[in-house]
Amino acid sequence: MRIVIADDAMLMREGTARLLDEAGFEVVGKVDDAQKLMRAVALERPDVAIVDIKMPPTHTDEGLVAAEEIRSAHPDVGVLVLSQYLESRYALRLLEQHPEGVGYLLKERVSDIAVLADAIRRITEGECVLDPTIVARLVNRPRHKGPLDDLTEREREVLGLVAEGRSNQSISQVLVLSPKTVEAHVGRIFAKLGLHETPDHHRRVLAVLAFLRA
């Protein structure tokens with residue numbers, strides 16, 4: 001699997017590349033700004049681009065803008081945003097524009113190569129992946145009354161795991177439930193959130209967006 005890494009911090013960039021090399025990934029590009037990232041993606045056509053949010057010249061949202069452009073111009077290239085910031089608005093912005101094949105993880109989790117590798121593989125399969133720390137903050141934050149208030153405690157637990165990008169099988173393992181029970185929970189969650197079967201939308205992604213907006 002081919003990877004391009006964009007981060008203006010040399011130690012972070014090289015450290016991530018080394019971890020991925022050791023895990024069997026092929027790092028085909030390492031760049032330090034958004035313009036170089038776009039050129040590397042166009043030239044190398046990686047499977048996934050790993051992108052920091054804040055990069056030169058303004059250190060605001062260059063990486064996020066580049067991530068959105070990559071998903072628009074190269075829909076076959078997945079994007080994993082790595083950030084040191086717990087900003088749900090960044091995750092929401094990314095998912096609203098391109099809900100498939102994207103992820104948002106905190107940099108502190110890069111030290112666990114198994115988490116990083118799993119996220120990359122799931123992104124290449126078209127999933128969206130959110131850091132559990134972000135999901136936990138979203139679950140516990142104050143909010144106005146809405147559809148999420150109709151969910152039971154167990155359903156909220158399941159929705160939190162869906163928001164992390166976990167499959168039903170993975171959720172069943174985490175919660176020690178049968179796959180059929182998880183499937184039933186997910187079905188009730190979709191019904192309560194008003195997410196009916198449609199041919200052109202992924203209800204799991206819509207559920208995550210509802211979760212983020214609440």
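Hey, any hits in segment 188-200 for a residue that's part of a helix (DSSP H, G or I), at pLDDT below 90 and open to solvent by less than 60 Å² (accessible area, probe 1.4 Å)? Yes - at least one qualifying residue is present in segment 188-200.
Residues checked against (1) of a type in the set (Lys, Arg); (2) closer than 21 Å to Gln84 by Cα; (3) not in a helix (DSSP H, G or I):
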{"residue": "Thr16", "(1), (2), (3)": "no, yes, no"}
{"residue": "Leu20", "(1), (2), (3)": "no, yes, no"}
{"residue": "Val27", "(1), (2), (3)": "no, no, yes"}
{"residue": "Lys30", "(1), (2), (3)": "yes, yes, yes"}
{"residue": "Leu37", "(1), (2), (3)": "no, yes, no"}
{"residue": "Val41", "(1), (2), (3)": "no, no, no"}
{"residue": "Pro46", "(1), (2), (3)": "no, no, yes"}
{"residue": "Val51", "(1), (2), (3)": "no, yes, yes"}
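Regarding Lys180, is this residue surrounded by fewer than 16 Cβ atoms within 10 Å (Cβ to Cβ), modelled with pLDDT of 85 or more and basic (Lys, Arg)? So Lys180 passes the test. Every test in (1) touching a residue at least 60 places away in the same chain (Cβ under 8 Å); (2) more than 17 Å from Ile123 (Cβ to Cβ) is passed by Ala6 save one, and that test is (2). Regarding segment 75-87, can at least one residue be identified that is open to solvent by 40 Å² or more (accessible area, probe 1.4 Å) and modelled with pLDDT of 90 or more? The answer is yes; a qualifying residue exists.
The values are calculated or read from the model by the stated rules, or taken from the named source; none is laboratory data. Note that this is a predicted model, so its numbers are computed, not measured. Note: ideal-geometry Cβ built from the backbone for every residue, glycine included; neighbour counts use all protein chains shown. Surface areas here come from the heavy atoms of the whole protein model, side chains and all, with no ligands, DNA or RNA. Shrake-Rupley method; radii C 1.70, N 1.55, O 1.52, S 1.80 Å.
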